[in-house]
Every structure is written in C-alpha cells, then in structure tokens.
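Working notes, structure below.
The values are calculated or read from the model by the stated rules, or taken from the named source; none is laboratory data. Small disclaimer: the values here were computed from a predicted structure and weren't measured. Note that each Cβ is placed from the backbone with ideal geometry, even for glycine, and that neighbours are counted across all protein chains shown. For the accessible areas, the whole protein counts, side chains as well, though only heavy atoms, and no ligand, DNA or RNA atoms are used. Shrake-Rupley method; radii C 1.70, N 1.55, O 1.52, S 1.80 Å.
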Amino acid sequence: MTTLSDFLIKKGYTKVKITLTKTNHFEVSVMLNGINGQFILDTGASSSCVGFEAVATFGLDAKESAVKASGAGATEMPTGISKKNTIKIGKWKKEKVTLVLFDLSHVNTALASHNAKTVDGIIGADLLKKGKAVIDYDKRNLYLKP
C-alpha cells in the first residue's frame, strides 16, 4: 500500500516537518528573505503575515496600508504591507510574495502565557493555496508543490 507521503512525493511535492506547539497550533520553520523564522501555520488566515516587530529582522520594505486586520479576538488592527519578498519553506520557494504586516503582540502574549515560543508570523491560505498544500496532521508534515 502506498503511503500519503510516497504518493505526494511521486507527484512532485516536497515534505516539510511541522511542529505541534503547546497551544495546539502547528508551527513551521520559514526562511524569509534569507533569514530563519518561526511561523504559525494557519489555514483560517486569508493572508500570510509578519509582525511589525520583525520588519527589521527580515529586511522588509514596509509600506502603510489602509486595510484593517481582524482575527484571534482582535479587530480593526492597523496593517502595513511588504511586497517582493522571498519565502522558502523546506525546499519549496516562492518569490515576489506580498505579506501583511500587523501587531502580533496579542498572539505572542497568548503563546507566552502557555509557555510556548513566540512566532515571527503566520503562513496563511494565500501561500498554502500557491503551494497546493496538503497537511498530514497525524504525521505532522506539510507538503508543498513547486
């Protein structure tokens, strides 16, 4: 019997290990503009995001945005935008990626209150769709197709 992993790898997908956090979120290591970071994998987030506090770390070209963000119990949060970024997740790579910038302190405060590590951002549905993502929750793997 062929495993899901074997099937997807034969179809050209790459496999990336994801980690289940103490808060029951899945976290993935991401290379953003050549810098390593930790991101929550969030299928419910429409856009991939980076916290304002990580703009300098990842060398993001931040621009103001009139769009307000909401999620994780917060609404009407000011946002910024950063275009032309390169994201690498495992062997999967995407260039010219647009990211939403917003205050992730409420997310990181919640993580810290559960003794979980803080994150730099969120990988949302926009990138998951581009990568034709398949998540194997049981084996804790993310599969992305170039």
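Yes or no, residue by residue, for (1) within 22 Å of Lys129 (Cα to Cα); (2) at pLDDT 95 or above; (3) of a type in the set (Gly, Ala, Ser):
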| residue | (1), (2), (3) |
| --- | --- |
| Leu8 | yes, yes, no |
| His25 | yes, no, no |
| Ser70 | yes, no, yes |
| Lys94 | yes, yes, no |
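Checking Phe58, Phe52, Phe102 one by one, the residue that is aromatic (Phe, Trp, Tyr), at pLDDT 95 or above and farther than 19 Å from Ile18 by Cβ is Phe58 and no other. Scanning region 92-102 for residues that are open to solvent by 10 Å² or more (accessible area, probe 1.4 Å) and under 15 Å from the mean Cα position of the chain (by Cα) yields Lys93, Lys94, Glu95, Thr98, Val100, Phe102.
In region 81-117, the residue that is nearest to Ile40 (Cα to Cα) out of those that are hydroxyl-bearing (Ser, Thr, Tyr) and touching a strand residue (DSSP E or B) at 6+ places or on another chain (Cβ under 8 Å) is Ser105.
Among the residues of region 113-138, the one identified as more than 26 Å from Phe52 (Cα to Cα), touching a helix residue (DSSP H, G or I) at 6+ places or on another chain (Cβ under 7 Å) and of a type in the set (D, E, K, R) is Asp136. When we screen Thr86, Thr21 for residues that are among the hydroxyl-bearing types (Ser, Thr, Tyr), modelled with pLDDT of 95 or more and within 20 Å of Leu142 (Cα to Cα), the only hit is Thr86. Residues in region 113-128 that are among the acidic types (Asp, Glu) and more than 16 Å from Thr19 (Cα to Cα): 1 in all.
Checking each residue in region 13-42 for being more than 21 Å from Thr57 (Cβ to Cβ) and surrounded by fewer than 17 Cβ atoms within 10 Å (Cβ to Cβ) picks out Lys17, Leu20, Lys22, Thr23, Asn24. Apart from one condition, Ala56 fits all of (1) open to solvent by 60 Å² or more (accessible area, probe 1.4 Å); (2) within 25 Å of Tyr137 (Cβ to Cβ); (3) of a type outside the set (Lys, Arg); (4) free of Cβ contacts under 8 Å to residues at least 40 places away in the same chain; the exception is (2).
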